[in-house]
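Colleague: Handing you a structure now.
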Amino acid sequence: MIAAAFDYHAPGSINEATALLAKLGEEAKILSGGQSLIPLMKLRLASPQHLVDINGIPGLAFIREADGFLRIGALTRESELEESDLIRTRYPLLHDTCKVIADPLVRNLATLGGNLAHGDPANDHPATMLALGAEVLAAGPKGERRIPIASFFTGPFATALKPDEILVEIRVPIPPARSGGAYLKLERKVGDFATAAVAVQLTLAASGACDQVGIGLTSVGLTAIKATQAEAALTGTRPDDAAIKRAAQLCAEAAQPSEDLRGSVEYKRDMVRVLTARALRKALERAGEGR
Amino acid sequence: MALRTSPEVGGMGHSIKRKEDPRFIRGKGTYVDDVQLPGMLYLDIARSPFAHAKITRIGTSKALAIPGVLAVITGQDLAKYNLHWMPTLMSDTQMVLRWRR
Amino acid sequence: MWVKLSINGEKHEADVEPRLLLVHLIRDVLRLTGTHIGCDTTHCGACTVLMDGRAVKSCTVFAVQARDKQIMTVEGLEQDGKLHPLQQGFMAEHGLQCGYCTPGMLMTSYAFLKKHPAPNEEDIRRAISGNLCRCTGYVNIVKAIQYAAATLRQGGS
């Protein structure tokens, strides 16, 4: 399939890019990894008149811890995240997530920023970032602003980014000691979107109770869902079997799946329940290991 | 099964290497999409979005207006050449392109 | 738009529409038909090439994105008339039947073995999970890659 014709722009700096976006308005789309956008363009589900390719902008790909945050540049490729020792050892939830996004070839080009900015409720990073309590940095013609992840996803394929803004950085608060996380994704085959997926991040307090619980759900709503009731039920509670079961049930109730080729509403809800329990157990195990 | 011939003679029972691999692993195969002949045209088939329906009209003007489109062929065009019914391998006769339903 | 790039070590340039896909530049403009189009929906990986050493699906990259980059296709694997151990491996281990997915498998595993010279079977299966094969059931493809990995480790080429 052939995409509709478009004008191609390749700015060399963030300022140049945001100025271009401001000038071109709603008919411009940002080209980052292109692994979501280009397939849509080939099907003519998206036909932007202008593409602003940001891959030539330096300084947007990095992974480092600084000032209490894990800071990741928006142009960082999923494969770079997957291969990062820092992420693998200290952010197992994020590492789990990268490994199940599409396939290794797509991950060589797909970017973290694109995965979030595309706003597809079936993308994996939104739920993970919700669980991690992240914030994103958006650069516009007037400067930068921080957007908490809980307000970032406004609807299917819609985010809080303005048309003249570029996502430049993602920041995750560095978790305290005795924290753990896990991402479990049910998919029909490797590379598929999730039938349902659950992201869990938590900390174990000295008392053995859960502290700072974050739970995100993928592909079971119009956007990724932050399971606030389940989070609240677990916070300050010892995570015994009953507590895990209750949290899993609350997550199933928080899910708003649609029926499609991947399953019925009942099936997907039940999968959320099962995946939540398993992800919680895995996160607790990792937290107990001191990771 | 005991081999009746030596490896040099070969034949039944012996392993042999495929003949097509050397060009395939070099990317030198000629698959249908690789064929390029001067003046060649490309054909695409427009399929019905419905399993059963009555065809009221086949609109060809939009397609014909696109530069590079040389022809839009319907069952009625084939009828002019008496090609609208064809024998099949199952020994029956089928319409090549539907134009009524 | 003018695009200058290097393919298998040779410089090429072409005037292309921005919407021209890299796979079409390679196949239709430059007439290197070893790279195949299997699904056109970013699933099958038959279009896999290396772009600056990274394996990518060339049906999901615009040709203009490849300007000033080094592209390697299956035609670039053979050097001075000598087959790469991967190519030898696919023949020795019957790693292909129809051969349509094979160039993609070769390019993906070429990049993979450069980074992971001693992979186990699970590593290999994960590495090729973006390349679909309808003929072989993957078993002999894995064997072919193991053959190549062993040859390369022994200093073979």
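The values are calculated or read from the model by the stated rules, or taken from the named source; none is laboratory data. The shown structure was predicted, so the numbers you read here are calculated from the model rather than taken from an experiment. FYI the Cβ positions are ideal-geometry reconstructions off the backbone, even for glycines, and counts take in every protein chain you see.
Colleague: Can you list the strands (runs of 3 or more DSSP E) found entirely within the range A:1-90 that contain at least 3 residues being touching a helix residue (DSSP H, G or I) at 6+ places or on another chain (Cβ under 9 Å) and either more than 12 Å from chain C (Cβ to nearest Cβ) or among the charged types (D, E, K, R) (or both)? Walk me through how you get there before you give the answer.
Modeller: Numbers: elements: A:7-9, A:28-31, A:50-53, A:63-66, A:69-73.
Hits in the range A:1-90: A:28-31, A:63-66, A:69-73.
Colleague: Hey, could you check the range C:106-129 for residues that are more than 10 Å from chain B (Cβ to nearest Cβ) and among the aliphatic types (A, V, I, L, M) and say which is farthest from A:LEU105 (Cα to Cα)?
Modeller: Out of the qualifying residues, it is C:ALA118.
Rundown of residues vs (1) in contact with a strand residue (DSSP E or B) (Cβ under 6 Å, 6 or more places away or on another chain); (2) among the hydrophobic types (A, V, I, L, M, F, W, C); (3) touching a residue at least 40 places away in the same chain (Cβ under 8 Å), yes/no style:
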residue: A:ILE57; (1), (2), (3): no, yes, yes
residue: A:LEU60; (1), (2), (3): yes, yes, yes
residue: A:GLU80; (1), (2), (3): no, no, no
residue: A:SER84; (1), (2), (3): yes, no, no
residue: A:ILE87; (1), (2), (3): no, yes, no
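Colleague: Please count how many residues of the range A:1-52 are touching a Leu at 6+ places or on another chain (Cβ under 7 Å) and among the small types (Gly, Ala, Ser).
Modeller: Keep residues of the range A:1-52 that are touching a Leu at 6+ places or on another chain (Cβ under 7 Å), which gives A:1, A:6, A:8-9, A:11, A:28-29, A:31-35, A:37, A:46, A:50-52.
From the residues that got through so far, the ones that are among the small types (Gly, Ala, Ser) too are A:28, A:32-34, A:46.
Going through the range A:1-52 one residue at a time, the tally reaches 5.
Colleague: Considering only residues that are surrounded by 15 or more Cβ atoms within 10 Å (Cβ to Cβ) and more than 12 Å from chain B (Cβ to nearest Cβ), which ones fall in the range C:31-47? Let's see the steps before the verdict.
Modeller: Our first condition is that a residue be surrounded by 15 or more Cβ atoms within 10 Å (Cβ to Cβ); within the range C:31-47, this holds for C:32-38, C:40, C:42-47.
Residues satisfying the conditions are C:THR42, C:HIS43, C:CYS44, C:GLY45.
Colleague: For the range C:9-29, name all the residues that are buried (at least 18 other Cβ atoms within 10 Å of the Cβ) and either among the hydrophobic types (A, V, I, L, M, F, W, C) or within 14 Å of chain B (Cβ to nearest Cβ) (or both). I'd like the intermediate steps shown before the answer.
Modeller: We begin by selecting, within the range C:9-29, every residue buried (at least 18 other Cβ atoms within 10 Å of the Cβ); these are C:16, C:18-27.
Listed by number, the residues that qualify are C:VAL16, C:LEU20, C:LEU21, C:LEU22, C:VAL23, C:HIS24, C:LEU25, C:ILE26, C:ARG27.
Colleague: Pairs needed: first member in the range B:32-50, in a loop (DSSP other than H, G, I, E, B); second member anywhere, among the charged types (D, E, K, R); C-beta distance under 6 Å; at least 6 residues apart or different chains.
Modeller: The qualifying pairs do not exist here.
Colleague: Condition first: surrounded by fewer than 24 Cβ atoms within 10 Å (Cβ to Cβ) and within 10 Å of chain B (Cβ to nearest Cβ). Now tell me which residues in the range C:85-104 satisfy that.
Modeller: Selection gives C:GLN88, C:MET91, C:ALA92, C:HIS94, C:GLN97, C:CYS98, C:GLY99, C:TYR100.
Colleague: Could you check the range A:162-183 and list, in sequence order, the residues that are surrounded by fewer than 23 Cβ atoms within 10 Å (Cβ to Cβ) and farther than 19 Å from A:GLY68 by Cβ?
Modeller: A:LYS162, A:PRO163, A:ASP164
Colleague: Another one. Give me the pairs, please: first residue somewhere in the range A:243-261 and within 20 Å of A:ASP192 (Cβ to Cβ), second residue anywhere and modelled with pLDDT of 95 or more and of a type outside the set (Gly, Ala, Ser), beta-carbon distance under 6 Å, and either six or more positions apart or on two chains.
Modeller: A:ALA255/A:LEU217; A:ALA255/A:VAL220; A:ALA255/A:ARG269; A:ALA255/A:VAL272; A:PRO257/A:VAL220; A:PRO257/A:VAL265; A:PRO257/A:LYS268; A:GLU259/A:VAL265
Colleague: Given C:ALA144, C:ALA150, which one is more than 9 Å from every other protein chain (Cβ to nearest Cβ) and surrounded by 24 or more Cβ atoms within 10 Å (Cβ to Cβ)?
Modeller: Working: C:ALA150 fails: surrounded by 24 or more Cβ atoms within 10 Å (Cβ to Cβ).
Of the residues listed, the single one that is more than 9 Å from every other protein chain (Cβ to nearest Cβ) and surrounded by 24 or more Cβ atoms within 10 Å (Cβ to Cβ) is C:ALA144.
Each row is one residue, and each column tells you yes or no for (1) in a helix (DSSP H, G or I); (2) farther than 18 Å from C:THR33 by Cα; (3) modelled with pLDDT of 95 or more.
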residue	(1), (2), (3)
C:LEU86	yes, yes, yes
C:MET91	yes, yes, yes
C:PHE112	yes, yes, yes
C:ALA118	no, yes, yes
C:ILE124	yes, yes, yes
C:SER129	no, yes, yes
C:ARG134	no, yes, yes
C:LEU152	yes, yes, yes
C:GLY156	no, yes, no
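Colleague: Sticking with this one: Would you check which residues across the range A:184-210 are surrounded by fewer than 18 Cβ atoms within 10 Å (Cβ to Cβ) and more than 14 Å from every other protein chain (Cβ to nearest Cβ) and list them? Steps first, answer last, please.
Modeller: First pass over the range A:184-210, keeping only residues surrounded by fewer than 18 Cβ atoms within 10 Å (Cβ to Cβ): A:187-190, A:192, A:205-209.
Answer for the range A:184-210, where residues must be surrounded by fewer than 18 Cβ atoms within 10 Å (Cβ to Cβ) and more than 14 Å from every other protein chain (Cβ to nearest Cβ): A:ALA205, A:ALA206, A:SER207, A:GLY208, A:ALA209.
Colleague: Looking at the range A:207-228, is at least one residue at pLDDT 95 or above and assigned to a helix (DSSP H, G or I)?
Modeller: yes
Colleague: For C:SER6, all conditions in the list (1) modelled with pLDDT of 95 or more; (2) facing another protein chain (nearest Cβ under 10 Å) hold save one; what is the number of the exception?
Modeller: Just one mismatch for C:SER6, condition (2).
Colleague: Which ones in the range C:48-61 are more than 8 Å from every other protein chain (Cβ to nearest Cβ) and touching a residue at least 40 places away in the same chain (Cβ under 8 Å)?
Modeller: Within the range C:48-61, C:VAL49, C:LEU50, C:GLY53 qualify.
Colleague: Can you give me the number of residues within the range A:58-76 that are surrounded by fewer than 21 Cβ atoms within 10 Å (Cβ to Cβ) and either over 21 Å from A:ALA131 (Cα atoms) or aromatic (Phe, Trp, Tyr) (or both)?
Modeller: Counting residues in the range A:58-76 that are surrounded by fewer than 21 Cβ atoms within 10 Å (Cβ to Cβ) and either over 21 Å from A:ALA131 (Cα atoms) or aromatic (Phe, Trp, Tyr) (or both) gives 5.
Colleague: Another one. Of everything in the range B:57-101, what is basic (Lys, Arg) and surrounded by 10 or more Cβ atoms within 10 Å (Cβ to Cβ)? Give them in sequence order. Give the steps one after another, and end with the answer.
Modeller: Going through the range B:57-101, the residues basic (Lys, Arg) turn out to be B:57, B:62, B:80, B:98, B:100-101.
Passing the criteria: B:ARG98, B:ARG101.
Colleague: Shifting gears a bit: Return yes or no: is C:TYR147 at pLDDT 95 or above, touching an Asp or Glu at 6+ places or on another chain (Cβ under 7 Å) and part of a helix (DSSP H, G or I)? Spell out how you get there, then give the answer.
Modeller: Details: at pLDDT 95 or above: yes; touching an Asp or Glu at 6+ places or on another chain (Cβ under 7 Å): yes; part of a helix (DSSP H, G or I): yes.
Here the answer is yes, as C:TYR147 does meet what is asked.
Colleague: Right, another one. Which condition number does A:PRO163 fail, the rest of (1) assigned to a strand (DSSP E or B); (2) in the same structural domain as A:GLY143 (by TED's automatic domain parsing) being met?
Modeller: (1)
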